[in-house]
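S.K.: Sending over a structure as structure tokens; questions will come in a sec.
Every read-out reported here was derived from the displayed coordinates using simple, explicitly stated rules and does not represent laboratory data. Note that the structure is a prediction, hence the values are computed from the model and not measured. Cβ atoms come from the backbone with ideal geometry, glycine included; neighbour counts cover every protein chain shown.
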Amino acid sequence: MQKIVVFTGAGVSAESGLKTFRDSDGLWEQYNISEVATPEAWQKNKTLVLEFYNARRRQVLEASPNKAHIAIAELQKKFDVQVITQNIDDLHERAGSQKVLHLHGEILKSRSEKFETLIYRQTEDIKPGDMCEKGFQLRPHIVWFGEMVPEMDAAAFHVMKADILIVVGTSLEVYPAAGLVTYAPAHSEKYIVDPNAGRLNYIRNLNVISKKAGEGVPALVKKLLN
Ligand code: OAD
């Protein structure tokens with residue numbers, strides 16, 4: 001069975017109503033990364049950081065998978081599919097994808113700020129004073145800027161074994177995640193679906209599909225399943 005790795009960013013969830021980060025109306029236009037998405041921000045103002053991620057969680061719970069998430073799950077009919085996502089939402093899982101690796105964490109989980117392995121399912125807001133079982137404050141289970149990306153080695157291993165790599169809706173600006181595409185074997189078929197993908201000319205033999213995910217991904221999946 002051929003192995004497909006689908007590497008996604010915020011663009012795959014844009015048509016589900018979740019904002020991207022760097023588009024003109026994106027989240028990083030509204031918020032300052034250093035005030036909400038770093039360990040320093042957490043030390044300085046936990047309430048502000050919690051409010052930012054509580055809002056993200058509420059939006060994710062209201063959103064539904066779109067045609068792109070659903071088409072990606074359909075690839076499992078014929079291929080061994082590994083999704084690697086930078087997204088913190090659970091829309092790939094809800095669309096039916098079985099193997100999903102979250103590089104930047106999951107908003108529907110919280111963890112102890114002291115003990116990294118104490119991880120909980122989290123569908124309600126996290127409030128100051130909400131504690132882990134050992135009595136330490138809960139934080140979102142998110143990888144912040146300046147923190148290690150624990151799943152990076154596993155992700156690179158999958159990309160190295162890919163027969164087909166499909167990249168969807170990511171600006172490829174945030175490392176180490178963005179470097180993953182360079183691990184794809186020379187013989188692999190490579191696609192990117194993103195309305196602004198033209199700038200990625202440093203990746204050899206990349207098939208560029210300059211469309212929104214909801215249109216470009218189902219068309220590509222149809223072609224690959226034929
Ligand atoms: P960005 O906001 O940087 O990029 C979003 C990409 O999606 C851009 O290339 C857009 O052109 C594209 N896009 C927008 N609408 C689309 C649509 N309907 N269909 C397809 N593509 C569309 O988001 P990411 O690349 O995911 O990390 O950002 C990477 C990381 O930066 C995030 O995981 C997050 C952020 O800071 C952390 O918070 C650690």
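S.K.: Express the C-alpha Rg of the chain as a ratio against the empirical globular expectation 2.2 N^0.38 Å, rounded to two decimals. Walk me through the numbers before you get to the answer.
M.R.: Working: Rg = 17.6 Å, N = 226, 2.2 N^0.38 = 17.3 Å.
So the Cα radius of gyration is 1.02 times the expected 2.2 N^0.38 Å.
S.K.: Something else: If you stretched the chain out fully between residue 147 and residue 127, how much longer would it get, using 0.36 nm times the residue separation minus the C-alpha to C-alpha distance?
M.R.: Values: separation 20, 0.36 × 20 = 7.20 nm, distance 2.23 nm.
5.0 nm is the gain from fully extending residue 147 to residue 127.
S.K.: Which of 47, 8, 123, 117 comes first, and how do the rest follow, when ranked by fewest Cβ neighbours within 10 Å?
M.R.: On the way: 47 9, 8 28, 123 12, 117 6.
Going from sparsest to densest Cβ surroundings: 117, 47, 123, 8.
S.K.: Also, I was wondering about something else. So, counting K/R as plus one and D/E as minus one, what does the shell of residues with Cβ under 11 Å around residue 212 add up to? The partial results should precede the final answer.
M.R.: On the way: positive: 67, 211; negative: 15, 194, 215.
After counting each charged neighbour, the total is -1.
S.K.: Hey, another quick one. Let me have the 222 nm mean residue ellipticity of the chain computed from DSSP H runs of 4+ only, each contributing -39500 (n - 2.57), with the sum over all residues rounded to the nearest 500.
M.R.: Working: 9 runs with 70 residues, N = 226.
Rounded to the nearest 500, the figure is -8000 deg cm²/dmol.
S.K.: Which number do you get for Rg(Cα) / (2.2 N^0.38 Å) in the range 1-127? Write down the numbers at each step before the final one.
M.R.: Numbers: Rg = 15.6 Å, N = 127, 2.2 N^0.38 = 13.9 Å.
Cα-based Rg divided by the globular estimate yields 1.13.
S.K.: Still on this structure, please answer the following. For the chain, give the share of DSSP beta bridges that are antiparallel, in percent and rounded to the nearest 5; count only bridges with both residues there. List each step's numbers first, then the result.
M.R.: Working: 9 of 32 bridges.
Just about 30 percent of them are antiparallel.
S.K.: For the residue pair residue 115 and residue 157, what label-to-label distance in nm results when each label sits 7 Å from Cα along the Cα-to-beta-carbon direction?
M.R.: Spacing of the two 7 Å Cα→Cβ label points: 2.6 nm.
S.K.: May I pose another question? Roughly how tilted is helix 213-225, in degrees to the nearest 10 and between 0 and 90, from the longest Cα axis of the chain?
M.R.: The helix 213-225 is inclined about 50 degrees to the chain.
S.K.: Angle, helix 46-62 long axis vs. longest principal axis of the chain, Cα atoms, 0 to 90°, nearest 10?
M.R.: So the inclination is approximately 40 degrees.
S.K.: Give me 49, 149 sorted ascending by neighbouring Cβ count inside 10 Å, so fewest comes first. Before the final figure, lay out each step's value.
M.R.: Details: 49 23, 149 16.
Ascending number of Cβ neighbours within 10 Å: 149, 49.
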